[in-house]
Amino acid sequence: MVLIVTKILIPRGYRGLTIFPFVFIRYKEDRKNEVLLNHERIHLRQQLELLILPFFIFYGLEFVIRLFEYKNFNTAYRNISFEREAYSNEKNLRYLNGRKWYSFTKYLL
């Protein structure tokens, strides 16, 4: 994981963005925010198991589907399976130690 502090790439209202192998964070004090970093590490694992580019295609398609479903940007974002897995497990700092491959699929429905 390569951690970079920047405000340029991260959309307003968000603190982090992961594009393998980089984790971009908005605030330098978040370098010590273990919950945020764990959330982003979960995304790194998801990206690796889907070979990076298919992850972003799947993520984008699922976002569009959720946007039609919920008609609200933030609700659609929060209901993407990748985000649901990351938000549900971000406080469990040992989650990745026992996480099985493709665990995000449990969050699809």
Under 27 Å, Cα to Cα: Lys pairs in the chain, sequence gap 8 or more or different chains: 9
Exposed-site-free run, longest, the chain (rule: chymotrypsin sites (Phe, Trp or Tyr not before Pro); DSSP loop; at most 16 other C-beta within 10 Å): 28-100
Neighbour-limited loop hits for trypsin sites (Lys or Arg not before Pro), region 1-99 (at most 11 other Cβ within 10 Å; DSSP other than H, G, I, E, B): K7, R12, K71, K91, R94
P(r), alpha carbons of the chain - 5 Å bins starting at zero, rounded %: 2, 12, 21, 26, 22, 13, 4, 0
Largest-first ordering by accessible area, 1.4 Å probe, given options L51, L9, L36: L51, L9, L36
Residue-span extension gain [Y14 to R84] - 0.36 nm each, minus C-alpha spacing: 23.7 nm
For I19, distant residues with modelled amide H under 5 Å away: F24
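The values are calculated or read from the model by the stated rules, or taken from the named source; none is laboratory data. In this text, all values refer to a predicted model and were calculated from it rather than measured experimentally. So basically every Cβ, Gly included, is an ideal-geometry build from the backbone, and we count neighbours across all protein chains shown. Heads up: the accessible areas ignore ligands, DNA and RNA and are worked out on the full protein's heavy atoms, side chains in. Shrake-Rupley method; radii C 1.70, N 1.55, O 1.52, S 1.80 Å.
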